Every structure is written in C-alpha cells, then in structure tokens.
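Peer 1: So that we are looking at the same thing, I have put the structure below in structure tokens.
The values are calculated or read from the model by the stated rules, or taken from the named source; none is laboratory data. If you're wondering where the values come from, they're calculated on a predicted model, not measured in any experiment. As a convention, Cβ positions derive from the backbone with ideal geometry for all residues, glycine included, and neighbour counts pool all protein chains shown. When the accessible area is computed, the model is the full protein with side chains, heavy atoms only, and any ligands, DNA or RNA have been set aside. Shrake-Rupley method; radii C 1.70, N 1.55, O 1.52, S 1.80 Å.
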Amino acid sequence: MSTVEQQLDDLKAEITSELPNDISVSSVKYEGPELVVYTRDPKKFAQQGDLVRKLASKLRKRITIRPDPSVLSRPNEAREEIMGVIPDEAGVTDLDFHADTGEVVIEAEKPGMVIGRHGSTLREITKNVGWTPEVVRTPPIESSTVSNVRSFLKQERDERRDILEKVGRQIHREEMSDDEYVRITTLGCCREVGRASFIISTPETRILVDCGDKPGAEGEVPYLHAPEALGAGPQTIDAVVLTHAHLDHSALIPLLFKYGYDGPIYCTEPTRDLMGLLTLDYLDVAAKEGRTPPYESEQVREAIKHTIPLEYGDVTDIAPDVKLTFHNAGHILGSAVSHFHIGDGLYNVAFSGDIHYDDTRLFNGAVNDFPRVETLVLESTYGGRNDYQTDQADSEEHLKKVINETYEKGGKVVIPAFAVGRSQEIMLVIEEAMRSGDIPEMPVHLDGMIWEATAIHTTYPEYLRDDLRDRIFHDDENPFLAEEFNHIDAGEEERQDVADGEPCIILSTSGMVTGGPIMSWLGHIGPDPDSTLVFVGYQAQGTLGRRIQNGWDEIPTSEVGAMGNNGGGRGTLSLNMDVETVDGFSGHADRAGLENFVKTMNPRPEKVLCVHGDERSTQDLSSALYHDYNIRTFAPKNLETFRFL
Ligand SMILES: [Zn+2]
C-alpha cells in the first residue's frame, strides 16, 4: 500500500473518531490541496454548523464535505427545494447538478444572498436536500471569457477531477530528504522588465513563479531550460504560481504544457480568466503580424484546465514542504503578493509580483503584513531615484481639464489605453466627473478588449477596493453600468458614425498605439484639430505612441491601415489633433511607494532581491533600501541562484 493510501486510511479513521456516532464517513480523498470527505449523512453534517471548521483546524487541512452519491435526492426535487430556500432577490440564473460529486453549482446575480450570514443559507440547502452547494456570480455585464471558461471547465469536469486527484497525491506525498535548504533561481526580469520567472527549490520541491514574455529579448524567454528549471525535465516541477495576468508574467505559461508539464497552476480566479483572455489575444496578434506563435490555443485550454484558483488569505499546501498564501497586490484585478512558507517554520519568502502600495480608485493598496518573511523578492519598475509619480488627484484634474477644453471646441477625446486596469481606472474617473458635473455628460465609447475586461472586473467585485465593491453589490450604483458607456461592437461603420457625430470620449486599445482599433480611430479623428489624443500610460521606446508623444505628426498610412481600413494606400496621415500626456495613472508603486512597502512591512525582511526594473532602477532601489533600513539587498542578474539556508 502506498503511503498516500495509508495516510488517507489514517485520516478516515481519525475523522470518524472525531465525529458523533450518527455521522458516517464513506470515503476520504485528496482533490488538489483539499481533503474531500464523503458522507452518507450530509444533512446531519450541515446541522452542526462548526463541525467542518473544527475538523479543519484539528487536521490542519482544507476540508470539503460531499454527500455519498447513494443518498442524493433527484435533481428535479432538489431544484424545487433549493429555490424555496434561496430568497428571490438573489436572482438565481442557473442550477447545475453533478451527481458524481454531489455538488450543485448555483449561479446567481447576488451570491451573498445564496450564501447567507456566515453560510447559513448554504447550510440550510444541504440540510434540506443533502447536495453540496457551490456559488458563482452571474456577471452583471455579460462576459464571453467568463462564460467560455465556465462552460469549458464543466465540459472537462471528469478529466479535471483526475488532475486534482493526481495533484492531491503529489502534494501529500511522503518527504524524502533530511537536507534543509531553500534556493531561488532567477530565470528572467532581472535588470530588465519582461519575462518574469523564478524557481524556488528545496530538497523536496521545485516551484516556478511566473512565466512571462519579453518581445525582442536576447536569450531564451524566459530561461526555462536552465538546469534549475525545466533542465531536469518538466515533470520535476511541482507547481506553477502566477502572480497576475499581465503578459510579461503569464504569456508563456501555456508553453509549459507544450513542453510536457502537466501539473497545477495556482492563481486567483480573475487571474485565470484574464490569463485566458490575454494569452488568446497574444496568439491572435502574433498571427495577424505573421509571426509563428510559440504555442496553440489548445495549450491555453490546458493551462485553464490545470488551474487551481485560490482566494486571498487561503493558506494552501502546494507541496509536501510548501504552503502558499496570496494577498492583494493592488496592481490589476486578481494580482497577488505570493507568500511561501517553507518547511515547518523553516523559511519564508514573499514575491511582490507587481504592486501598487497606495489605494487607487480600483484597488486597495498592496498587503505587506505577514506572519513571517525572511526574504522579499520586490518589483522595481519605478525604483529609480527620480521615479516619483504625479499625485493621483492632480492627474485627475489634468484629465478633466483636457476633456473640458476639447468639449468646448466641439472636438473628441481619444485615449489609447490598456484593456486591463488603466481603462477601468479612467472609466471611474470619467463616471464620477460626469455625475458631479465636473465635465459635461457625453457618450464614452469603449473599443477593443476594454469592454470584455470591464465585464470580468464586475464578475469579481470581491477583488476591488472596498467602496467600489459595495457600489457594485448595489446594481443601481455600479459605475461600470453607467449609461454613458457604449461598447463599440459593430466595427468600422459604428466608428465612422461616432467620428462624424457629436463630442465624445473614446477609450481604445492598444495602449501604446501599436495596433488594434486605436489605429482606426487615428485614421478617423487624427486630422481634426479640435480633437485631442490623450496618453494616460507609459509609452515604450520604439512604439508609435512614443513617436507621437515626441512630436511625430506625419504618420505613414500603412501604419494607420493596420486595422485594414482607412489608408492602406501610400502617403501620410497628418495628425492635427492636440496631443496631451496625463501622468500619474499607473498600476505600479513609484519610488516612494516601493520604499514605503518595505518600510512599513511587518515583519521587516532580512533580505530583499530587487527585480523587474531596468539596471538603474534595480540598483538604485537596492542601495537605498540597504542604506535606509540596513537590509541585505541584491539587484541580481538573470540566471543567478541564491541559497538562503
Ligand atoms: Zn503587471
């Protein structure tokens, strides 16, 4: 008998002895990091509210109770009873019964009302019908990503259970080594931005953190074939942890499955969905530009199938000697500071991922409070000694002034923006400014992936800033549903109508004017001297956005024609619109924010690795943290290995 088998038998005996005599345990299984207890008495379980909590703390495991399939009532009867228990206002849109696991997935507009106070309604459901309810939110704005991911996971349910069981056995395997060490190897994003990737290794375990792309980089992107990484074979990686969905962290996660990896990916639920959206778009862009993409959409599906979503604050076993906990990073939807507890009190490492230290309109500021941390791996995008950002309130005033001036001239405001994060931030500024009369009411057109990304944001209000979350919970106050917002979904004809029409605001991808519908908007509106092009995000060297910012006003029509319309001929487009740059809307902490993150961190780490910034930023930040706080700091290069213990 294998040791995992033995372990499960022991657990079954222990659980049985902890339970009252009239509650039976029919089997005990691992599903990913969770321990699933099947019982023929689910109703009795539900009657004793804190039984599960007590078991979980006694066994130090995450526990799920499921009914033994033999005792389940028929779905049709159960449906009626469940609907009788849930208040009508919850807005249930779908019930989906899975007899193999005894679970019923309830999709509702107001999940909180299905859950009830401290889960009371959920327990009521199980008490009545025996089924184990699981609740998901009906997106307030229809999202094709969310519905595609959900229906795909439903369709792959059987295979997913096999995956979870296999992962569960991996996590709970017996520890083999008496050695004790912790090492981190840098596979990318050191003294550069892009291709974020690291390996944490212990004698038992190897964990890959992030796997991002960097277009045009020299060397492997990232250095996955280093001996510490896939060099020893993809099966030797225990788990992949993804801090957030931006492509410089996530783009090459699907590639791992092409290389033969078939283990779990841990991230938050919104990160999973955004990763799906952004990596599929990444393949799309590659195809349009005539490049061979590094993998196919099939591997994106594999990645989603292997994702085990975790919520902020869940302490989760991901290997025999490693526990992972995600905390809010304040950067984009679902972004997570990832804390690793290694061994039993042996060592603790936190990866910041990308962070924003202060609150923004969208998110609470990054969490920097941990039970223990010896080493911090810290992003340094704006770590340079002069990298201070404009105060957010000043930036907002500036944006409103530009909008007002353009409106008075009868022109249109065109804002190139990234679909995820900055767009929603700008939408919130505009919505509030219109509501309070700071700017006149006018249509705000959203083009490219912005609408879809916004829909994903409204699906996961728990991940947004407190007061924004509360507003979304009240439908009539959801700012993203304001009537000014219009989704451009009818293509070129609609753009032409908007361009010929009244003053308005247009938010469109791509954020650096490197393709996407923004090219078409430039074609339509570029020649109008009364209109304004407003940059609200960083424009990288070599992009059309940067060239326009630097004063380029004759754009080859071949560039504007990238959308297959307007242009295509020879010649140039005269850019007569005003060009403005409004700084200060950033998803990253500036130099002060990064220092404050470390200064107020509890506990203060012993060592900090400054990564994810150019050479100057990482070295500046590294030496400042050393001088100011007497911490041992490093600005590593790629392919270095640090031994911490
Ligand atoms: Zn990012």
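Peer 1: Need the C-alpha centroid separation for segment 623-645 versus segment 1-41, integer Å.
Peer 2: Answer, in whole Å: 45.
Peer 1: If you don't mind, there's one more thing I want to ask. Once ligands and nucleic acids are excluded and a 1.4 Å probe is used, how much of D238 is accessible, expressed in Å² to the nearest 10?
Peer 2: Counting only protein heavy atoms, D238 exposes about 20 Å² to solvent.
Peer 1: Can you tell me the relative contact order of the chain? Whole percent, Cα pairs under 8 Å, sequence separation 6 or more.
Peer 2: 13
Peer 1: While we're looking at this one, here's another question. Send over a whole-number figure in Å² for the accessible area per residue of segment 3-67, probe 1.4 Å.
Peer 2: 48
Peer 1: Could you do me a favour and compute the accessible area per residue for segment 302-413, 1.4 Å probe, result in Å²?
Peer 2: 32
Peer 1: Please report the antiparallel percentage of DSSP beta bridges with both residues in segment 392-581, rounded to the nearest 5.
Peer 2: 15
Peer 1: Here is a further query. Express the accessible area of segment 75-138 per residue in Å², computed with a 1.4 Å probe while the remaining protein chains stay in the model.
Peer 2: For segment 75-138, the per-residue accessible area is 47 Å².
Peer 1: Same structure again: Rounded to the nearest 5, what % of the DSSP beta bridges within the chain are antiparallel ones?
Peer 2: 45
Peer 1: Calculate what fraction, in whole %, of the accessible area of segment 75-138 sits on carbon and sulfur atoms when a 1.4 Å probe is rolled over the protein chains.
Peer 2: Whole-percent figure for carbon plus sulfur exposure: 47.
Peer 1: May I pose another question? For Q155 paired with E180, estimate the spin-label separation in nm (one decimal), with each label point 7 Å from Cα along the Cα-to-Cβ line.
Peer 2: 5.0
Peer 1: Determine the order of E640, E408 by accessible area, beginning with the largest, at a probe radius of 1.4 Å.
Peer 2: E408, E640
Peer 1: Does a label point 7 Å from the Cα of D50, set along Cα-to-beta-carbon, have any residues of segment 3-24 with amide nitrogen under 17 Å, and which are they?
Peer 2: Label zone hits: 19-20.
Peer 1: Considering the dipole of the chain built from charges on the beta carbon (Lys and Arg +1, Asp and Glu -1) around the Cα centre, which of P227, N602, G365 is farthest to its positive end?
Peer 2: Farthest towards the positive end: P227.
Peer 1: With every protein chain kept in the model, how would you rank K127, K166 by accessible area, 1.4 Å probe, largest at the top?
Peer 2: K166, K127
Peer 1: I've got another one for you. Any number yet on Rg/Rh for the chain, C-alpha, Kirkwood?
Peer 2: Computed over Cα atoms, the ratio is 0.98.
Peer 1: For segment 195-257, with only Lys/Arg (+1) and Asp/Glu (-1) charged at the beta-carbon, what is the dipole magnitude about the Cα centre, in debye rounded to 20?
Peer 2: That gives segment 195-257 a dipole magnitude of about 40 debye.
Peer 1: Which value, in debye to the nearest 20, describes the size of the charge dipole of segment 75-138 about its Cα centre when Lys and Arg Cβ atoms bear +1, Asp and Glu Cβ atoms bear -1, and nothing else is charged?
Peer 2: Result for segment 75-138 is approximately 320 debye, rounded to the nearest 20.
Peer 1: Choose one of I456, H172, I125: the residue whose Cα lies farthest towards the positive end of the charge dipole of the chain (beta-carbon charges +1 Lys, Arg; -1 Asp, Glu; about the Cα centre).
Peer 2: Final value for the positive-end residue is H172.
Peer 1: Name the residue from L59, I15, Q48 whose Cα lies farthest towards the positive end of the charge dipole of segment 3-67, charges +1 on Cβ of Lys and Arg and -1 on Cβ of Asp and Glu.
Peer 2: Result: Q48.
Peer 1: Indicate, rounded to the nearest 5 percent, the antiparallel portion of the DSSP beta bridges found entirely in segment 75-138.
Peer 2: Within segment 75-138, antiparallel bridges account for around 50 percent of the total.
Peer 1: Hey, another quick one. I'd like the carbon and sulfur percentage of the solvent accessible area for segment 392-581, probe radius 1.4 Å, heavy atoms only, ligands and nucleic acids excluded.
Peer 2: Ligands and nucleic acids excluded, carbon and sulfur give 45 percent.
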